[in-house]
Ligand code: PLP
């Protein structure tokens, strides 16, 4: 009997009415199939078959305070009792915006949205309106949401060609995307400042913005080469281009001021989501006044019926209050490093070429003989089938990691739990 039997039954039932049995494409790719969960508490989540997992997916990142944090739940409940949405403003929005303005270096003006994808679109609109230019430059392996003008991929199943580094081949991520959106961006490998320079020299007059994840969390969890982000900043200033940091993952994960504080590089516009709201739909586009004032003046239109509902703002406000009060960041970095070191040591013992990379509160694991994974092209050379077997075997032993090898640490994970994961990895790597 499968340990996932009831999930399997529910998936069959769901598939009759929910397209593909799921509500987001990424949820299809669980092991051994999309699973159903019944509850979560702290660092553990439980599926409907009563398998209890030590959770390093944190719901793809948002659950920085773990599952069902009591202070967040209490804030949502008590604030919702007063109402949920007014088609008007409420006082906690100001409190939250004031907090962001104080914590995030680039946040002079702020607008709240529902998720990362829509916040990214808002930033694009501001950048295009301010510069009067249409295109933006983005990087291979970065993810900025699923919407048409940005969800173009470098590789597609069954297609090997990547094209040259100067002109990568780019494929629509999905059927049905507006074909002309392909012409709205230029894509380059990440961490190669010379290539960015050469491209801007030729095409700066068309480019409104450079958008980057400050750490390439979506593939390989690769940190920027020293000087890379600073170099982008200088080039954007030189050519009058907006620098947009997509901090959907790094925001509130590497520190209260996001990666821009961590690396000391201030973008013009940036986008926060995931950890900001502990799993509730709230995001923010923030930026320097000279850019965001276009929204202030209604030159750029940003709207949304559901924006800044009371429970969502309460979720973000309470999450950030806890993060400010407890300052879990030194601990999260230490736990991440402990886990990375333990996994590397277990791999060495069993002669496995497991490579770990990332700052710690988020990091990636892959199997490769490369000493370092420097960009997306390197990630394609890693042993993906071995990674899938590793993750499946960990999952079967109740350690839950994101399918592409990404691990998230929360403020509620403990040293004992980190050691538990290392112990399980040790057994799995011995048998892999
Ligand atoms: N940007 C980054 C860096 C992301 O990782 C994601 C989602 O994973 C997004 C944008 C899109 O955010 P959402 O899924 O909330 O629309």
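Since every read-out is calculated from the coordinates, none of them should be taken as a lab result. A quick note: this is a predicted structure, and the numbers were derived from the prediction, not measured. Note that we place each Cβ from the backbone using ideal geometry, even for glycine, and neighbour counts take in every protein chain shown.
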Can you sort 247, 415, 184, 140 from fewest to most other Cβ atoms within 10 Å of each residue's own Cβ? 415, 184, 140, 247
Residue list for the range 385-407, given a label point 7 angstrom along the Cα-to-Cβ vector of residue 431 and an amide N cut-off under 18 Å: 386-401
Can you give me the distance in nm between label points at residue 12 and residue 205, each placed 7 Å from the Cα along the Cα-to-Cβ direction? 6.4
Can you give the FRET efficiency for residue 420 and residue 324, using 1/(1 + (r/R0)^6), R0 = 30 Å, r = Cβ-Cβ distance, to the nearest 0.05? 0.55
Coarse-grained scattering of the chain at q = 0.07, 0.09, 0.11, 0.13 Å⁻¹, given as base-10 log I(q)/I(0) from a Debye sum over alpha-carbon atoms: -0.34, -0.57, -0.87, -1.24
The range 70-326 - Rg over Rh from alpha carbon coordinates, Kirkwood radius: 0.98
Gaussian network model of the chain, Cα springs within a sub-10 Å range: biggest mean-square fluctuation belongs to which of 388, 38, 410? 38
For the chain, built as a Gaussian network whose Cα springs stay under 10 Å, the top-fluctuating residue of 82, 134, 260: 82
The chain, Gaussian network, Cα under 10 Å: of 209, 14, 175, the residue fluctuating most is 175
Computed lengthening from residue 333 to residue 345, 0.36 nm per intervening residue step minus Cα-Cα distance: 2.5 nm
Just subtract the alpha-carbon distance of residue 381 and residue 182 from 0.36 nm times their residue separation and send over the number in nm, one decimal. 69.1 nm
If you find the alpha carbon centre of the range 398-424 and of the range 223-281, how far apart are they in angstrom? 26
Compute the distance from the alpha-carbon center of the range 294-368 to that of the range 185-215, in whole Å. 25
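Divide, for the range 148-241, the radius of gyration over alpha carbons by 2.2 N^0.38 Å, where N is the residue count.
1.13
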